[in-house]
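A short worksheet on the structure shown next.
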Amino acid sequence: MSTLVAAVPALLAAAPPPDAATAAVRSVLVAENRMYQDYDATVSRRVYAPDIRWQNPFGVRLVGEPAVETFLARLFTRARFRSARTVTAPAITDVRLLSPTTASAWSEEASEGQTRQDGSAVGLRKSHILYVMAKRGGRWLIVDEQIMDERD
């Protein structure tokens, strides 16, 4: 026990200041958002952990970065997905550092103009996204992401 107690100050000293950690977490979320704006699924390799668990508001649940990248690459080619226009730009609304190596974050955005496979309009989409992040190998990565849409 005394070894653990003696190690605590060293662990705390090794952790970056909260502002630096928060900025690092935010930079990953900004990169993830750019991936959607640029329709570039390869960015998933830099922002998602290899074992990510990802779910969209339409019930698609994927495990593993390769599966998410494959899904997004297909999604980004669909005209009905690309037809969406931003109504409210993505905004990171909250970042919580849970430990020196874990964080949670929320973002929200709104879009309209997206269509379903049958051609019907999705309508106004107000999306809220919950992220769980982990610092691995000195880098922050998204380990869990759940995208949720408001419903009337």
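The values are calculated or read from the model by the stated rules, or taken from the named source; none is laboratory data. Computed from a prediction, not measured in an experiment: that's the story for all the values here. Reconstructed Cβ throughout: ideal geometry from the backbone, glycine too, with neighbour counts over all protein chains shown. Areas reflect the complete protein model, heavy atoms only, side chains present, ligands, DNA and RNA absent. Shrake-Rupley method; radii C 1.70, N 1.55, O 1.52, S 1.80 Å.
Just a few scattered comments:
- Residues whose amide H comes within less than 5 Å of that of residue 87, counting only those at least five positions distant or on another chain, are 110, 111, 112 (H built at 1.01 Å from N in the peptide plane).
- Built amide H within the under 5 Å cut-off of residue 102, gap 5+: 135
- Less than 5 angstrom separates the built amide H of residue 52 from those of 64, 65, all sequence-distant by 5 or more or on a different chain.
- Both radii are taken from the alpha-carbon atoms of the chain; with Rh as the Kirkwood radius, Rg/Rh is 1.05.
- Among 51, 94, 118: highest mean-square fluctuation, GNM of the chain, C-alpha pairs under 10 Å: 118
- Label sites at residue 88 and residue 37, each approximated as a point 7 angstrom past Cα along Cα to Cβ, lie 1.8 nm apart.
- Apolar share of the accessible surface for the chain: 55 percent from carbon plus sulfur atoms, 1.4 Å probe.
- Computed lengthening from residue 149 to residue 26, 0.36 nm per intervening residue step minus Cα-Cα distance: 42.1 nm
- Highest-fluctuation residue, 73, 110, 121 considered, GNM on the chain with Cα pairs under 10 Å: 121
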